[in-house]
Amino acid sequence: MHKDTVAVAAGRPEHAHDAPVNPPVVLTSTYRGVGEVSGEDRSYARAANPTWEAFEEVLAELEEAPCPALAYASGMAAIAAVLSLVPVGGTLVVPRHSYQGTVQLARRWEDRGILTVRTVDIADTAAVLAALDGADMLWIESPTNPMLEVAELPALLAAARERGVLSCVDNTFATPLLQQPLTLGAHLVVHSATKYLSGHSDVLMGAVLCATAELRQRLHAQRTLEGAVPGPFECWLALRGLRTLAVRVERSMASAAELALRMREHPAVAGVRYPGLPGDPGHERAVAQFAGGFGSVLAVVLHDDAAAAEHLVSGLRVWTPATSLGGVESLVERRRRHPDEPRTVPENLLRLSVGIENVADLWQDLVPGLDALADR
Ligand SMILES: *Cc1c(COP(=O)(O)O)cnc(C)c1O
């Protein structure tokens, strides 16, 4: 089946007469049982919940994973779980423009002597391959946040396998509609389900997908002990959002492509980063690697300075000035307002997460502010 069908059809209760169409929100902290507890038993709600299981089944089918996903309380909880697979004293290779929480967490562990961090330009395949020497885990984001660089995913994942390096792809930006890293050799995939998967900026959740049952078993045992599990209602909301993933993403990608073209032509704009734009550094790779589109996040660098960028954002009415991405509502943010954003991200760069509003309204909202900058 196609992914848009899977998103709707998978993870439903059995097709019995009078069965509910949707899985229920199962609110329980424990499960009935007598006798010795086996690995098949739910037993206690930190280990299992039927509402998670529905979400985990749908996401696994979308990512073409051989076993169900693991739901987590947040994207960062999922990321922390995977990073803890790096052996003590081991080395982690991570893109310099990854999600900043990922880099910060790894740096904290480095400060405590738990692991060593090597940052790389993930678009530079030769540099990444060199950094894999003696490494234990390769972390990949593609496209990256907020520079929208595209990694050569098949080559990097194959190289990691050859060298016995565990690989994980944060697939939050691309979604399983654009790429399925497990099919290219990734050992693990993580998602901030807070973003596109749930899609309505009303839930915080994460997920991990594993290439093998052994990896899943290990992470499942660890999740049960560490307890970074989602609430059943949050998971139900994420599943509800997942049903409309394809229509939301198709619409927002089409608008993002249109806005990227228009922005690039505007005299106030110095440059647009969007892999769908011909001439973008990641365009050729994106054409080869992504199925069906180029995502709905773009970055715009203005000719004017950071203050002008902030002024532009504060005058918008349709766009919401806020961090985060992947929701039905369009968000815009000057990324360097976060003190931890790397200095390699321009101060006057705006990250735009395009939602599902009418693209003409999104554009019209931007025009007065851009025109005013161009006239200065
Ligand atoms: C938001 C985000 C995260 C963190 O997820 P949370 O759900 O906020 O914990 C990780 N990776 C990427 C790419 C993200 O955009």
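The values are calculated or read from the model by the stated rules, or taken from the named source; none is laboratory data. The structure presented is a predicted model; accordingly, all values stated were derived computationally and were not measured. Neighbour counts run over all protein chains shown; Cβ positions are idealised from the backbone, glycine included.
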Exercise. Leu85 fails exactly one of the following numbered conditions: (1) surrounded by fewer than 24 Cβ atoms within 10 Å (Cβ to Cβ); (2) more than 17 Å from Ser167 (Cβ to Cβ); (3) more than 10 Å from the ligand (Cβ to nearest atom); (4) not hydroxyl-bearing (Ser, Thr, Tyr). What is the number of that condition?
Worked result: (2)
Exercise. Do you know which residues across the stretch 163-211 are of a type in the set (Val, Ile, Thr), outside any loop (DSSP other than H, G, I, E, B) and either more than 13 Å from the ligand (Cβ to nearest atom) or modelled with pLDDT under 95 (or both)?
Worked result: Thr183
Problem set entry | Considering residues of the stretch 111-146 that are closer than 16 Å to Arg163 by Cα and of a type in the set (Gly, Ala, Ser) only, the residue surrounded by the fewest Cβ atoms within 10 Å (Cβ to Cβ) | Ala126
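Does Ala155 meet the test of being surrounded by 24 or more Cβ atoms within 10 Å (Cβ to Cβ), away from the ligand (no atom under 15 Å from the Cβ), in the same structural domain as Val128 (by the TED database) and assigned to a helix (DSSP H, G or I)? Step through it out loud before you land on a result.
Values: surrounded by 24 or more Cβ atoms within 10 Å (Cβ to Cβ): no; away from the ligand (no atom under 15 Å from the Cβ): yes; in the same structural domain as Val128 (by the TED database): yes; assigned to a helix (DSSP H, G or I): yes.
It is false that Ala155 is surrounded by 24 or more Cβ atoms within 10 Å (Cβ to Cβ), away from the ligand (no atom under 15 Å from the Cβ), in the same structural domain as Val128 (by the TED database) and assigned to a helix (DSSP H, G or I).
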Problem set entry | Residue that is nearest to the ligand (Cβ to nearest atom) [pool: residues in the stretch 88-131 that are outside any helix (DSSP H, G or I) and among the hydroxyl-bearing types (Ser, Thr, Tyr)] | Tyr99
For this session: Quick one: in the stretch 181-230, of everything that is surrounded by fewer than 21 Cβ atoms within 10 Å (Cβ to Cβ) and of a type in the set (S, T, N, Q), which residue is nearest to the chain's Cα centre (by Cα)?
Result: Ser201
Seminar exercise, completed: Of the listed residues (Val328, Val269, Val318), the one being touching a His at 6+ places or on another chain (Cβ under 8 Å) and closer than 21 Å to Leu373 by Cβ is Val269
Exercise. If the Cβ limit is 6 Å and pairs must be 6+ apart or interchain, which residue in the stretch 41-66 that is touching a residue at least 40 places away in the same chain (Cβ under 8 Å) and within 16 Å of Leu225 (Cβ to Cβ) pairs with which residue that is of a type in the set (Ser, Thr, Tyr) and part of a helix (DSSP H, G or I)?
Worked result: Arg46/Thr224; Ala47/Thr224
For this session: Can you give me the number of residues within the stretch 212-230 that are under 30 Å from Glu152 (Cβ atoms), part of a helix (DSSP H, G or I) and in contact (Cβ under 8 Å) with a residue 12 or more places away in the chain?
Result: 5
Seminar exercise, completed: Residues of the stretch 243-295 being among the β-branched types (Val, Ile, Thr) and touching a helix residue (DSSP H, G or I) at 6+ places or on another chain (Cβ under 9 Å), in sequence order, are Thr244, Val247, Val249, Val269, Val272
For this session: For residues that are surrounded by 17 or more Cβ atoms within 10 Å (Cβ to Cβ), charged (D, E, K, R) and in contact (Cβ under 8 Å) with a residue 24 or more places away in the chain, scanning just the stretch 330-358, find the one that is farthest from Gln104 (Cα to Cα).
Result: Glu357
For this session: Evaluate the stretch 233-251: report whether one residue or more is within 16 Å of the ligand (Cβ to nearest atom), among the small types (Gly, Ala, Ser) and under 19 Å from Asp4 (Cβ atoms).
Result: yes
For this session: Scan the stretch 231-241 for residues that are within 22 Å of Arg42 (Cβ to Cβ) and under 17 Å from the mean Cα position of the chain (by Cα) and jot them down.
Result: Cys235, Ala238, Leu239
Exercise. Between residues in the stretch 88-110 that are touching a residue at least 60 places away in the same chain (Cβ under 8 Å) and closer than 16 Å to Leu138 by Cβ and residues that are outside any helix (DSSP H, G or I) and within 11 Å of the ligand (Cβ to nearest atom), which pairs lie under 6 Å by C-beta distance while being six or more apart or on different chains?
Worked result: His97/Thr144; Ser98/Glu141; Tyr99/Asn145
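Working only within the stretch 318-328, note down all residues that are surrounded by fewer than 17 Cβ atoms within 10 Å (Cβ to Cβ) and out of contact with any Asp or Glu (no Cβ under 6 Å at 6 or more places or on another chain). Give the derivation first.
Initially, the stretch 318-328 is screened for residues surrounded by fewer than 17 Cβ atoms within 10 Å (Cβ to Cβ), giving 318, 321-324, 328.
Pro321, Ala322, Ser324, Val328 - these are the residues of the stretch 318-328 that are surrounded by fewer than 17 Cβ atoms within 10 Å (Cβ to Cβ) and out of contact with any Asp or Glu (no Cβ under 6 Å at 6 or more places or on another chain).
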For this session: Sort out which residues of the stretch 111-136 are without any contact (Cβ under 8 Å) to a residue 40 or more places away in the chain and within 20 Å of the chain's Cα centre (by Cα), and write them in order of number.
Result: Thr119, Val120, Asp121, Ile122
